[in-house]
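Working notes, beginning with the structure itself.
The values are calculated or read from the model by the stated rules, or taken from the named source; none is laboratory data. This structure is a prediction, so every number in the text was calculated from the model and none was measured. Here the Cβ is made from the backbone with ideal geometry for all residues, glycine too, and neighbour counts use every protein chain on show. The protein model used for the area step is the full one, side chains on, heavy atoms only, and it has no ligands, DNA or RNA in it. Shrake-Rupley method; radii C 1.70, N 1.55, O 1.52, S 1.80 Å.
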Amino acid sequence: MHYLQAMGKIKQGLIYPFYLFSGPEKFLQEKVLQEIHLCLQQKEGKTFFLERLEGAKLSLPELMQDMRQTTIFSGGRLLWIQDPPYFSAKKRTAQTGKKKKAARQDKPAGEEELLAFSQEEEVSDLVVVFAVSGVDRRKKLVKTIEAGGRLVEFPLLRGAALKKWVRDELSLEKKQIEEEALAELLERVGENLQLLQRELDKMVTYLGKEKMVTRSLVEHLVPESSQGNI
């Protein structure tokens, strides 16, 4: 599922207890996470506490034990787990054929429990979001998550997709941008969404009640940077 589809469902109040974010665009992953957090507060009528965990430091059994714990406060938990190894291909090692076959047959401890949780439909007091750069679609775990519509893709935005993102961000502020201004903006800033967001916020503030971002405005407010050409 593309991140725009996921964002649309979340804004409509459809939130799952489990998500697997995959792709290199970390800025958009963070934005969707914040949207989930906001909608949980509004929909569920209670406070959800955002907790960030480093997946590389947690084995799957340790993670499942942590997920079973309840918050000490009268609210829910939104767990953000960055770069866990459970969804990517394992590094190959020099093994005999028998060892390789045994390794394929052995399921990692905690995987069945995670699979069961990934298919739950209703949010109670726990929402878990995994964020990785890429997944191994050969894994049963990943196949099940994708089939359930819980795998959300975050590709890098380039070309027409990047231009659409800029226009959409400005539209949220009831602003528009000329085509020449958009080309100049991308020439100066490049494809880094975090830097683009910062410059868009600056231009929106400068415009006030004015509606149109012009090329002259971009040239006036946005510094030329070597980062735009990298």
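Odds and ends about this structure:
- Check: the chain dipole with +1 on Lys, Arg Cβ and -1 on Asp, Glu Cβ, in debye: 1140 debye
- The residues packed around A147, meaning those with a beta-carbon under 13 Å from its beta-carbon, carry a net charge of +4 if Lys and Arg are +1 and Asp and Glu are -1.
- Lysine pairs within the stretch 147-230, Cα separation less than 12 Å, 8 or more sequence positions apart or different chains: 4
- Mean ellipticity per residue at 222 nm, deg cm²/dmol - from DSSP H runs of n ≥ 4 across the chain, formula -39500 (n - 2.57): -14500 deg cm²/dmol
- Solvent-accessible surface of the chain, taken per residue with a 1.4 Å probe and all protein chains present: 58 Å².
- The stretch 172-219 - percent of accessible surface contributed by carbon and sulfur, probe 1.4 Å: 47 percent
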